[in-house]
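K.L.:
Structure below; questions to follow.
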């Protein structure tokens, strides 16, 4: 009787051990066939054009992830509802700029006009696909730069541009104030820095949160920073329009 109980316990222990062993090459579980069904919903009708646009956006996002470091282009996207705007490539057909050559505003000096032209040349030196040239006749110019006494708001310059449905900039104008809102006139260096800032807007750049950049809301530097240059170059390597889905 004792031998039978011992053999029974041994068989029971062996069976338990077998049940606890992991499946291996020598111990195979019974084959089980399982049917799996997946479902999906199309969020919106997808045309070939829509699919192509999504592919372009995906490529832009990839390039932003790879090359966005050292720029403030992501700040621009946050400010502008995830969209980029710029001029079409104009190599061989420069964007012509007319700078108001004289003014009756008190304290105005022709050095202001020279400072604006110098700022234009500073951006043009980047060699972007949109180049600049100066027009002597305002009627022949794509962009007008004019001077006023001062703004009612606490600003010293304003750039307005228009765009089409594809986010290509089509038209623009720049207005610069001779006097700060508080009263004193800008010196020539301040006018050049202000012009650099507004021409950045003209190109499609938005504000940067870094005071070391000329595109900071309150201009505190006298020349373009590395981030200003890198952001402008990256902008003009990308197509305009919305970047996010």
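K.L.:
Considering every pair of different Cα atoms, what Kirkwood radius, in Å, is found for segment 123-174?
P.N.:
Mean inverse Cα-Cα distance, inverted, gives 13.4 Å.
K.L.:
Could you check the simple spin-label distance between residue 144 and residue 168, using points 7 Å along Cα→Cβ, in nm with one decimal?
P.N.:
Going by the 7 Å Cα→Cβ label model, 2.4 nm.
K.L.:
Modelling each spin label as a point 7 Å along the Cα-to-Cβ direction, I'd like the residue 180/residue 82 distance in nm, to one decimal.
P.N.:
With each label point 7 Å from Cα toward Cβ, the separation is 4.1 nm.
K.L.:
Further question: Indicate, rounded to the nearest 5 percent, the antiparallel portion of the DSSP beta bridges found entirely in segment 91-245.
P.N.:
The antiparallel fraction comes to roughly 40 percent.
K.L.:
For a test of the definition: using alpha carbon positions, the gyration tensor, and the 1.5 limit on a/c, classify segment 97-139 as rounded, prolate or oblate.
P.N.:
Since a/c reaches 1.5 but b/c is at least a/b, the shape of segment 97-139 is classed as oblate.
K.L.:
Now for a different question. Over the Cα atoms of segment 89-229, what is the Rg over Rh ratio if Rh follows Kirkwood?
P.N.:
Radius of gyration over Kirkwood radius for segment 89-229 works out to 0.94.
K.L.:
With label points built 7 Å along Cα→Cβ from the Cα atoms of residue 137 and residue 211, find their separation and express it in nm.
P.N.:
Here the answer is 4.7 nm between the modelled labels.
Bear in mind these aren't lab numbers, they're just calculated from the coordinates by the rules spelled out. Model, not experiment: these values are computed from the prediction. Backbone-built Cβ (ideal geometry, glycine too); neighbour counts: all protein chains shown.
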